[in-house]
Amino acid sequence: MAPEQCDVAVIGGGPAGSTAAALLARRGYKVIALEKARHPRFHIGESLLPMNLPLFERLGVLDKVRAIGVFKPGADFEADNERGYNTYAFSRAIGKSPPHAYQVWRQDFDKMLYEHARESGADAREAQEVVNVEQNGPRETRLDVRTDDGRSYRILARYVVDASGRDAFLSGKKRLRRKNDQHQSAAIFGHYRDAERRPGEDEGNISIYSFAHGWMWMIPLPGGVMSVGAVCRPDYLKQRKGRTVEFLVETLKLSPALWRRIERAELIGNEVRVTGNYSYDSKHMGGPGWVLVGDAFAFLDPVFSSGVYLAMSGAEQAVEVVDRALRDAAAEPALLRKLEKRQRAGMARFSFFIYRFNGPVMQQMFRQPRNTWQLEQGVISMLAGDLFDTPKVLWRLRLFKLVYAICGVRDWRRWRAEHKYRLAQARSQFTGGNTPLDSA
């Protein structure tokens, strides 16, 4: 059978793949999108950022997100004050980010986006797994596809967008994927019914708690459900004994403030999920006839809920590259370099906070925020996802780094001890393989 032909093949039906497929189809390209599972399928990453909203509007799905989401006015972090936490309200951001976001069931969100890509003109197929890719030239790539009923077929594409998520399909095939030797962690989590929400206007906040071995989250979801989990360092996870459910409960009890909010709640289905080592990137983001978007390119620790925004924003930017490259091949290398530079810059701004989040200096700065020179508002803008194009946000983030360095000098011994411990953990995991939770 002769191969099917298309302009663009999109591997993966998550937020990045659906965004790229929808926008490219709208521009008149023949797009075949291939998702190996069937929607709805479970995925972690329920908390969205305000900077997602303008993108949703451009994509034409903002009303759909609003209909399935929980209103998220901000994020709160545990603190030593009367109410026990500080709220970072998105309405106080100094950039152009919207004053709120949403939290969603990812299986519903991802399904909606994939269906929207289909409605936009993409040939969006499910239960169709790409098992091999062979590039015969910059505008001729052969994809071997296998369906869940055992059939196989081939596609010839002029361009390939890899949005395969943490499978990192092309990155693996091209041997581009590399673990992050600066930071490693894994997560254990479940969904609780009737957990205590914040009072009043803070009800929809994502709540963040720190503990000795990492940090924890509470994310309000539709239907009175709360996503609750812990992102932990490798040495703590190696201590796990017994059932995973019991390990999660014992872990959550290490944060008394969090535990008070869920001790009377019900763990739905007694089901606990785990996921292995997080942080990695790829040596390159693209080449002639292919580009990596979202988690297929890189993934950070999810402490600031950056994944969906970086994926969809990167996909939107990648569409511009693909569109121009298909019309003017000579422009492709420079466009890919510019896109990669932009994505890495945004990731680096998040990473500065992520790597240091559990350290004594950053913990103190979050517990007792100060708005001198609007630094606190600059951090809120970062939490909102405004870290690409707003100069007054970017220079405050640079100033925040300076203040952090000064505070680190004042508390040198504790800062140094935490820094050495974090690197030792990451590099041990980098050379030592997966944690026991990966097979739980």
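The values are calculated or read from the model by the stated rules, or taken from the named source; none is laboratory data. All figures in this text were calculated on a predicted structure; none of them were measured in a lab. Here the Cβ positions follow ideal geometry from the backbone for every residue, glycine too, while neighbour counts run over all protein chains shown. Calculation scope for accessible area: heavy atoms of the full protein, side chains included, ligands and nucleic acids excluded. Shrake-Rupley method; radii C 1.70, N 1.55, O 1.52, S 1.80 Å.
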Q. Any idea of the accessible area per residue across the chain, 1.4 Å probe, to the nearest Å²?
A. 42
Q) Given the convex hull over the Cα atoms of region 160-210, what projected area results after averaging over all orientations, in nm²? A) 7.0
(Q) Using Cα-Cα distances under 8 Å and only pairs 6 or more residues apart, what relative contact order does the chain have, in percent? (A) 21
Q: Would you list the membrane-span-like helices of the chain, meaning whole DSSP H runs whose alpha-carbon atoms span at least 24 Å along their axis and whose mean Kyte-Doolittle value is at least -1.0?
A: 307-327, 332-356, 391-410
**Q.** region 1-108 - percent of accessible surface contributed by carbon and sulfur, probe 1.4 Å
**A.** 51
Q: Select from F109, F299, F400 the residue whose mean-square fluctuation is largest in a Gaussian network model of the chain (Cα-Cα springs shorter than 10 Å).
A: F400
Q. Whose amide H sits under 5 Å from the amide H of Y88, counting only residues 5 or more places off or on another chain, with H placed in the peptide plane?
A. A75, D76, F77
Q. At a 1.4 Å probe, what is the % contribution of carbon and sulfur to the accessible area of region 132-233?
A. 43
Q.
Distance between the C-alpha centers of region 299-347 and region 128-184? Whole Å please.
A. 17
Q. Based on Cβ point charges of +1 for Lys and Arg and -1 for Asp and Glu, what charge dipole magnitude is obtained for region 1-95 about its Cα centre, in debye rounded to the nearest 20?
A. 440
Q) Which value in Å is the Kirkwood Rh of the chain over different Cα pairs? A) 22.5
Q: Identify, among S47, A79, I32, the residue whose Cα sits farthest towards the positive end of the charge dipole of region 1-109, taking +1 on the Cβ of Lys and Arg and -1 on the Cβ of Asp and Glu, with the dipole about the Cα centre.
A: I32
**Q.** Cα shape, region 248-396, gyration tensor, a/c 1.5 rule
**A.** oblate
Q.
Per DSSP helix of 4 or more residues, -39500 (n - 2.57); summed, then divided by the residues of the chain. What does that give at 222 nm, rounded to the nearest 500?
A. -12000 deg cm²/dmol
(Q) Can you give me the long-range amide H partners of A186? Hydrogens built in the peptide plane at 1.01 Å from N, cutoff under 5 Å, separation of 5 or more residues or another chain. (A) C232
Q: Search the structure for amide H atoms under 5 Å from the amide H of K30, placed 1.01 Å from N in the peptide plane, and list their residues when 5 or more places away or on another chain.
A: D7, V8
